[in-house]
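What follows is a set of notes on a single structure, which appears directly below.
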Amino acid sequence: MKTRYDLPCNIAQTLNIIGDRWTLLILHELLIGQTNFNDIKINLPGLSANLLSARLKSLEEAGLVEATLYSAHPPRYAYSLTESGKALDPVFNAIILWGSEHLDPCYKEIVDANTGERVELGYYSKNTGERIENIQIRAIKK
């Protein structure tokens with residue numbers, strides 16, 4: 001993994017892992033169930049095989065993706081998200097929600113599976129489970 005941002009910041013450290021061009025789109029393909037190298041490449045026109053291979057290797061090194069050999073000759077791998085990679089699901093949902101509110105209409109929205117009504121993000125207390133209306137970001141003291 002290449003360190004672009006040498007800052008003690010969660011955002012900077014996360015961008016060091018997922019901030020390269022194509023990386024979020026590759027992760028999204030894995031998140032929606034694409035596990036085959038060629039299928040990922042086909043679904044992302046303009047992404048070269050060399051760059052896809054490099055990004056998958058980098059994500060593997062970062063612990064977000066794992067590769068499983070399923071054919072020895074020629075070598076073929078199935079790619080899947082680790083638990084850490086799967087934990088990015090709410091990040092993608094937040095991006096989808098933001099895009100549906102602030103960009104030209106696209107083909108995705110997030111709705112309640114039972115009612116079909118659009119949803120919004122919320123923050124909840126880890127201790128009580130209650131919704132928090134006012135949040136703040138604070139530094140963690142070392």
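Data overview
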read-out: Accessible carbon and sulfur surface of the chain relative to its total accessible area, %, 1.4 Å; value: 52 percent
read-out: Descending Cα extents along the principal axes, the chain, whole Å; value: 55, 45, 30
read-out: Options ALA72, GLY129, ALA94, ranked by Cα towards positive dipole end of the chain, top entry (Cβ charges); value: ALA72
read-out: R0 of 35 Å, Cβ-Cβ distance GLU120-SER48: FRET efficiency to nearest 0.05; value: 0.40
read-out: Between 0 and 90°, nearest 10: helix 49-61 axis offset from the chain longest Cα axis; value: 60 degrees
read-out: Length added when fully stretched, ASP112-ASN38, from 0.36 nm per residue minus Cα-Cα; value: 23.4 nm
read-out: Solvent-accessible heavy-atom area per residue, rounded to whole Å², over region 47-125 at 1.4 Å; value: 70 Å²
read-out: Relative contact order (%) - the chain, alpha-carbon pairs under 8 angstrom, separation at least six; value: 14 percent
read-out: Too-long pairs where the Cα-Cα distance tops 31 Å, listed order kept, from LYS41/LYS108; LYS57/LYS141; LYS41/LYS86; LYS57/LYS126; value: LYS57/LYS141; LYS57/LYS126
read-out: Given charges at beta-carbon only (K, R positive; D, E negative), |dipole| of region 11-101 in Debye; value: 260 debye
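The values are calculated or read from the model by the stated rules, or taken from the named source; none is laboratory data. Nothing here was measured: the structure is a model prediction, and the numbers come from that model. All Cβ positions, even for glycine, are placed from backbone atoms using ideal geometry, and neighbour counts span all protein chains on display. SASA here: full protein model, heavy atoms, side chains in, ligands and nucleic acids out. Shrake-Rupley method; radii C 1.70, N 1.55, O 1.52, S 1.80 Å.
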